[in-house]
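S.K.: Okay, handing you the structure first.
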Amino acid sequence: METFLIRLLQFFMSISLLVLLHEGGHVFFSKLFGVRVEKFFVFFDVKIGKWSGKLFSWKPKNSDTEYGLGWLPLGGYCKIAGMIDESMDTEQMKRDPQPWEFRTKPAWQRLLIMIGGVTVNFILALIIYAGIMFAWGETYYKVPDMTMGMEFSEAAKQYGFRDHDIMLGTDQGPFKEFLDVNGDFFRQIAKAKRVDIIRDGKRMSIPMPGNLDMLAMLKSDPVFVRPYLPSDVDSIVSHADAVKAGMISVGGKTPAEAAGIRRGDKILAINGHPTDSWNKFNYQLTVLGDILKSKKTAKDSLQVRTVSLVFLHKGSTKADTATVVLSPDLKLGIYQSSFADYYKPTHISYGFFESIPAGVSYGINTLKGYVSNFQYLFSADGAKSLGGFGAIGSLFPPFWDWYMFWKMTAFLSIILAFMNILPIPALDGGHVLFLLYEMITRRKPSEKFMIYAEYAGIAVLLLLLIVANLNDILRWLGYM
């Protein structure tokens, strides 16, 4: 519960900031050009019966704008006078146009008002990334430094890869990092005509088609490529933590304790399947999980959870075998080794003036990566990967970390900017599209057309919202 609340707080803080500044961008240009802003709300004040839906609001003296906080955290809005928007205030549009209204302003001014929100979001992301570079710098594990190499799926091996190949780069340049939120490592392989590797101490190249499906590479089980990490036990879960996690089995011990597994031991096999790496070990647990879902009785479930483990004590040359009962969620009661146990991270520090171009470059690359990934949304797997508020909230860590908070806020700011500029009516991009049409043809779309377009856009957005959050629910229930 505590981790849920921490994630929830980070999510609301981040979204509130982004919505506030996004709508503030619209307000800034509106007031700059003398357009009245009637309402400026963070979150929607949807009415419920006689209740206005406002958590609180105020209107400064001699101001035309009411500022407030709504109860429905699906975004925010500013109601601009003389504009057809999500408020659907058609009565206002029936009155004679006034000089302070949006509709009476030149098209270029209206265009700047509409792109004000996404502009602020993108600039905000660049500022945050620059701030991150200055405060924390960059820390990552270089792919070419992973000297134990990689593990590959069967599909990858068909192209000529072998386990323990050390990845250097492609015809597009050297690899940087594997754990990249933008997916640059996989994108680089997907677009590569050639992948450079080191195998058995010799440098060589593997020809590639240059048009692999990156989503298929990531969705395959196991994934196309992942770093090799030996199945060395980092440490044993404490008894108190094991009790909280429901790992205690017969005799008051965790499965690892019952088997006699200790820190530094290596898991060699599970149910006869070799597991010299954590990738292989976790894959076997995934297979067991799929089998467990089909079992209806406690007896059948217990049979699946009862496994044979082969492991090697640290410093020993003779393997031990033990039969243990995994926890209901198939936990052994161990912490796995990680990159930090085998590799030294690369850290780059930036001075104040150095951090600005570094942050701008990082933000632009993040936007490019997100735009590139957007194409997969229109596939079946891409639609399934859509996530709603639960998926977004889970991106934040279950503990308070300012570095991760600001990094995720910057990433969400870029997503918000890109999604809002899409040419969908009811989004900023839809209004921009119609304004560009007006500027090119010198003709305004009719108000009737704009109203119908707004309704259509709202319907599309609601459908996407339902699908995304339904995916969250299905993932939570274990159906996806």
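S.K.: Mind listing just one residue for me: the one in segment 127-149 that is open to solvent by less than 30 Å² (accessible area, probe 1.4 Å) and either part of a loop (DSSP other than H, G, I, E, B) or at pLDDT 95 or above (or both) and, of those, farthest from TYR343 (Cα to Cα)?
M.R.: That would be ILE128.
S.K.: Within segment 301-318, take every residue that is farther than 17 Å from PHE281 by Cβ and among the small types (Gly, Ala, Ser) and give me the one that is most open to solvent (accessible area, probe 1.4 Å).
M.R.: Among residues in segment 301-318 that are farther than 17 Å from PHE281 by Cβ and among the small types (Gly, Ala, Ser), the one most open to solvent (accessible area, probe 1.4 Å) is GLY315.
S.K.: Could you check, for segment 89-100, whether at least one of its residues is touching a residue at least 12 places away in the same chain (Cβ under 8 Å), more than 30 Å from ASP428 (Cα to Cα) and open to solvent by 20 Å² or more (accessible area, probe 1.4 Å)?
M.R.: There is no residue in segment 89-100 that is touching a residue at least 12 places away in the same chain (Cβ under 8 Å), more than 30 Å from ASP428 (Cα to Cα) and open to solvent by 20 Å² or more (accessible area, probe 1.4 Å).
S.K.: Among the residues in segment 316-327, are any touching a residue at least 60 places away in the same chain (Cβ under 8 Å) and out of contact with any Leu (no Cβ under 8 Å at 6 or more places or on another chain)?
M.R.: The answer is yes, given that some residue of segment 316-327 is touching a residue at least 60 places away in the same chain (Cβ under 8 Å) and out of contact with any Leu (no Cβ under 8 Å at 6 or more places or on another chain).
S.K.: Can you report the number of residues in segment 347-389 which are part of a loop (DSSP other than H, G, I, E, B), modelled with pLDDT of 85 or more and open to solvent by less than 40 Å² (accessible area, probe 1.4 Å)?
M.R.: Result for segment 347-389: 1.
S.K.: Can you name the number of the only condition in (1) part of a helix (DSSP H, G or I); (2) touching a helix residue (DSSP H, G or I) at 6+ places or on another chain (Cβ under 9 Å); (3) open to solvent by less than 20 Å² (accessible area, probe 1.4 Å) that ARG7 fails?
M.R.: Tallying (1) part of a helix (DSSP H, G or I); (2) touching a helix residue (DSSP H, G or I) at 6+ places or on another chain (Cβ under 9 Å); (3) open to solvent by less than 20 Å² (accessible area, probe 1.4 Å), ARG7 fails exactly one: (3).
S.K.: I would also like to ask the following. Give the residues of segment 390-444 that are in contact with an Asp or Glu (Cβ under 7 Å, 6 or more places away or on another chain) and not in a helix (DSSP H, G or I), sorted by residue number.
M.R.: Correct list: ILE421, PRO425, ALA426, LYS444.
S.K.: Against the conditions (1) buried (at least 16 other Cβ atoms within 10 Å of the Cβ); (2) under 21 Å from ASN373 (Cα atoms); (3) in contact with a helix residue (DSSP H, G or I) (Cβ under 8 Å, 6 or more places away or on another chain), where does LEU168 fall short? Just the number, please.
M.R.: (2)
S.K.: When you scan segment 300-333, how many residues do you find that are closer than 18 Å to ARG262 by Cβ, in a strand (DSSP E or B) and among the small types (Gly, Ala, Ser)?
M.R.: 1
S.K.: Then there is this: With (1) in contact with a Pro (Cβ under 8 Å, 6 or more places away or on another chain); (2) polar (S, T, N, Q); (3) within 30 Å of PHE134 (Cβ to Cβ) as the list, and SER355 as the residue in question, which single condition is left unmet?
M.R.: Against the list (1) in contact with a Pro (Cβ under 8 Å, 6 or more places away or on another chain); (2) polar (S, T, N, Q); (3) within 30 Å of PHE134 (Cβ to Cβ), SER355 comes up short only on (1).
S.K.: To continue, here is another question. Of all residues in segment 22-62, count the ones that are open to solvent by less than 30 Å² (accessible area, probe 1.4 Å) and polar (S, T, N, Q).
M.R.: 1
S.K.: Residue check: is ARG162 without any contact (Cβ under 8 Å) to a residue 24 or more places away in the chain, over 29 Å from the mean Cα position of the chain (by Cα) and surrounded by 15 or more Cβ atoms within 10 Å (Cβ to Cβ)?
M.R.: Criteria not met by ARG162.
S.K.: Taking GLU177, is it at pLDDT below 95, within 27 Å of ASP276 (Cβ to Cβ) and in contact with a Lys or Arg (Cβ under 7 Å, 6 or more places away or on another chain)?
M.R.: yes
S.K.: Among the numbered criteria (1) assigned to a helix (DSSP H, G or I); (2) farther than 30 Å from VAL307 by Cα, which single criterion is violated by ALA340?
M.R.: (2)
S.K.: Can you run down the residue pairs with Cβ atoms below 6 Å, 6 or more apart or on separate chains, where the first is in segment 38-65 and under 13 Å from GLU23 (Cα atoms) and the partner is of a type in the set (Gly, Ala, Ser) and assigned to a strand (DSSP E or B)?
M.R.: Pairs that qualify, where the first residue is under 13 Å from GLU23 (Cα atoms) and the partner is of a type in the set (Gly, Ala, Ser) and assigned to a strand (DSSP E or B), are PHE41/GLY68; PHE41/GLY70; PHE41/GLY76; VAL42/GLY76; PHE43/GLY70; PHE43/GLY76; PHE44/GLY70.
The values are calculated or read from the model by the stated rules, or taken from the named source; none is laboratory data. If you're wondering where the values come from, they're calculated on a predicted model, not measured in any experiment. In this analysis, Cβ positions are derived from the backbone assuming ideal geometry, glycine residues included, and neighbour counts consider all displayed protein chains. To get the accessible areas, we keep the full protein, side chains included, count just its heavy atoms, and leave off ligands, DNA and RNA. Shrake-Rupley method; radii C 1.70, N 1.55, O 1.52, S 1.80 Å.
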